[in-house]
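One structure is given below, encoded as structure tokens.
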Amino acid sequence: MASSSSNILVTGGAGYIGSHTVLQLLNAGFMVSVVDNLDNSSEIAIKRVTELAGAKGKNLTFHKIDLRDKKALDGVFSSTKFDAVIHFAGLKAVGESVEKPLLYYNNNLIGSITLLEVMGAHGCKKLVFSSSATVYGWPKEVPCTEEFPLSAANPYGRTKLIIEEMCRDIYVSDCSWKIILLRYFNPVGAHPSGYIGEDPRGTPNNLMPYIQQVAVGRRPALTVYGTDYKTKDGTGVRDYIHVLDLADGHIVALQKLFKDSNIGCEAYNLGTGKGTSVLEMVAAFEKASGKKIPLVMAGRRPGDAEVVYASTAKAEKGLNWKAKYGIDDMCRDQWNWASKNPYGYGSPESDK
Ligand code: NAD
Ligand code: WQD
């Protein structure tokens with residue numbers, strides 16, 4: 001059973017989902033070590049998490065290390081005996097992965113292989129891995145259940161699929177491993193303090209960070225990709241989930257790793273089970289922020305699916321977890337973060 005003395009290694013813990021999860025772990029009494037190369041994040045996120053955690057902030061240790069640096073990673077495992085690992089670290093921009101597939105295979109696959117090798121060598125065999133709804137490719141129907149056939153629509157998605165397969169193979173080779181694959185749908189929102197949140201480098205690829213940057217005046221308008229889908233208003237439908245619900249999903253997954261003796265290697269969707277269109281999301285954000293989001297209607301974005309949302313039954317039953325927050329909460333917290341930090345962890349100068 002997890003106790004306040006449990007040591008958890010979090011790779012990618014300076015990033016968007018990682019920083020929120022690290023805060024929840026500290027609040028729950030865990031000792032946390034973060035390994036991150038800060039490739040897509042800022043050390044300021046780590047400092048703010050430490051502050052938000054109050055007295056428990058002292059239980060956080062940060063290592064600026066690239067996961068592929070096996071010697072450095074081995075050093076971290078030699079200095080602390082970890083009870084489990086949550087593995088967020090990876091590159092995640094779909095379009096960039098199409099342009100630079102080898103960058104994605106190198107970073108995501110070699111990073112994960114190195115981590116799994118070092119874990120095995122140190123006898124740490126409990127893992128929670130950040131997978132994605134992207135492993136369902138273009139689902140033929142919704143809601144997506146964990147039993148759906150898996151496929152990849154781009155190199156980024158292929159790295160998730162391959163890492164999932166590696167995990168299944170590792171468990172087959174050695175059943176003392178316990179692995180939970182969490183397939184996230186569309187994470188949005190921020191900690192209600194407005195002190196940590198998502199801060200993508202360059203032009204945002206995803207809907208919410210783009211809307212947020214329009215709202216604070218960094219971009220003139222949101223381009224709506226596709227108005228002729230067979231959906232309620234013609235725009236794409238997704239399952240948006242508050243990052244706090246996602247973070248909680250990791251805590252319950254960890255607890256399952258500690259508690260259940262026979263879990264093998266198991267995948268769970270983390271979503272709300274509800275579909276929201278692009279225009280519904282824009283309307284909810286306008287309501288939360290009081291800002292008008294100018295729209296430019298455009299054609300479909302290549303590679304996009306029409307409607308994607310999760311079946312949540314397996315996570316509800318197996319993890320005893322259910323998302324608590326709705327779209328209005330997500331937009332309120334996203335706007336709170338955006339209005340307090342219009343340039344994220346950076347400044348207008350770093351926006352160039
Ligand atoms: P993020 O980019 O904010 O966080 C990832 C972190 O990993 C960053 O801090 C980055 O610096 C670090 N990192 C990357 N490569 C590294 C390496 N080789 N060594 C050490 N650190 C490295 O992304 P996020 O949104 O927090 O996503 C976290 C994980 O969840 C990723 O694996 C992502 O693929 C997955 N995921 C994200 C979404 C989403 O929409 N945000 C959806 C599904 C799955
Ligand atoms: C949502 C909707 C767009 C931007 C991606 C990855 C997926 C996962 C989550 C990591 C779609 C529309 C978007 C914009 C728009 N990430 N949109 N204008 O495509 O569901 O999933 O992030 O694993 O792998 O593919 O999320 O936020 O990009 O798009 O109209 O400027 O918003 O067409 O309908 P997506 P998204």
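Surface composition of segment 236-279: carbon and sulfur atoms hold 42% of the protein heavy-atom accessible area at a 1.4 Å probe. A straight Cα-to-Cα reach below 20 Å connects LYS58 with the lysines LYS47, LYS81, residues fewer than 8 places away in its own chain not being considered.
Sequence-distant contacts, meaning Cα pairs under 8 Å at least 6 residues apart, place the relative contact order of the chain at 19 percent.
Considering segment 248-347 at the alpha-carbon level, its Rg and Dmax are found to be 17.9, 53 Å. Here segment 67-160 is treated as a sphere whose radius is the Kirkwood value from Cα pairs; by Stokes-Einstein at 4 °C and 1.567 mPa s it diffuses with a coefficient of 88 µm²/s.
For segment 164-229, treating each Cα as an identical point scatterer without solvent, what Debye log10 I(q)/I(0) comes out at q = 0.16 1/Å? Computed log10 I(q)/I(0) values: -0.74. Build a GNM of the chain with springs between Cα atoms under 10 Å apart, and of ARG301, ARG201, ARG238 the one that fluctuates most is ARG301. Here the chain carries DSSP beta bridges of which approximately 5% are antiparallel, counting only pairs with both residues inside.
The portion of the accessible surface of segment 97-234 made up by carbon and sulfur, rounded to a whole percent, is 54 (1.4 Å probe; DNA, RNA and ligands excluded).
Straight-line reach from LYS324: taking Cα to Cα under 21 Å and skipping same-chain neighbours fewer than 8 places apart, the lysines in range are LYS256, LYS274, LYS287, LYS314. For the pair segment 311-352 / segment 211-230, the C-alpha centres are spaced 18 Å from each other. In this structure, the amide hydrogen of CYS144, modeled 1.01 Å from its nitrogen in the peptide plane, lies closer than 5 angstrom to those of TYR309, ALA310, SER311, counting only residues at least 5 positions away or on a different chain. Just checking the listed ones, SER261, SER151, SER339: in the Gaussian network model of the chain with Cα springs under 10 Å, the one fluctuating most is SER261.
Once you divide the Cα radius of gyration of the chain by 2.2 N^0.38 Å, the number left is 0.95. For VAL128, the residues whose amide H sits under 5 Å from its own are VAL85, ILE86, HIS87, ILE180, ignoring neighbours fewer than 5 places away on the same chain, with H placed 1.01 Å from N. Put simply, segment 158-294 fits an ellipsoid with semi-axes of 35, 17, 14 Å; these come from the alpha carbon gyration tensor as the roots of five times its eigenvalues, largest first.
Using every pair of separate Cα atoms, the Kirkwood estimate puts the hydrodynamic radius of segment 120-215 at 16.0 angstrom. Treating only the Cα positions of segment 3-152 as identical point scatterers, give the base-10 log of I(q)/I(0) from the Debye formula at each q in 0.11, 0.12, 0.19 Å⁻¹. Cα-only, vacuum Debye calculation for segment 3-152: -0.46, -0.54, -1.16. Projecting label points 7 angstrom from Cα along Cα→Cβ for ALA313 and ASN27 puts them 3.1 nm apart. Relative to the longest principal axis of the chain, what angle (0 to 90°, nearest 10) does the C-alpha long axis of helix 278-289 take? With rounding to tens, the tilt is 90 degrees.
Quick one: net charge of ASN37's neighbours, Cβ under 15 Å, K/R +1, D/E -1? Neighbourhood net charge equals +1. The Cα trace of segment 90-129 gives Rg and Dmax of 12.5, 38 Å, the first to one decimal, the second as a whole number.
The mean sequence distance of close C-alpha pairs (under 8 Å, at least 6 residues apart), as a share of the length of segment 228-352, puts its relative contact order at 37 percent. Specify whether the C-alpha gyration tensor of segment 42-86 places it in the rounded, prolate or oblate class, a ≥ b ≥ c being the square roots of the eigenvalues: rounded for a/c under 1.5, otherwise prolate if a/b is larger than b/c and oblate if not. Since a/c reaches 1.5 but b/c is at least a/b, the shape of segment 42-86 is classed as oblate. Remark: the chain carries 42 Å² of accessible area per residue (probe radius 1.4 Å; ligands, DNA and RNA excluded). Note that segment 29-36 has calculated 3J(HN,Hα) couplings of x, 7, 8, 10, 10, 9, 10, 8 Hz, one per residue in order, obtained from phi through the Karplus relation 6.51 cos²θ - 1.76 cosθ + 1.60 (θ = phi - 60°); glycine and proline are x. Residues whose amide H lies under 5 Å from that of THR223, counting only those 5 or more places away or on a different chain, are VAL296; hydrogens are built 1.01 Å from N in the peptide plane.
The values are calculated or read from the model by the stated rules, or taken from the named source; none is laboratory data. Computed from a predicted structure; not experimentally measured. Positions of Cβ are generated from backbone atoms using ideal geometry, with glycine treated the same way; all protein chains shown enter the neighbour counts. These accessible areas exclude ligands, DNA and RNA; they are computed on the full protein's heavy atoms, side chains included. Shrake-Rupley method; radii C 1.70, N 1.55, O 1.52, S 1.80 Å.
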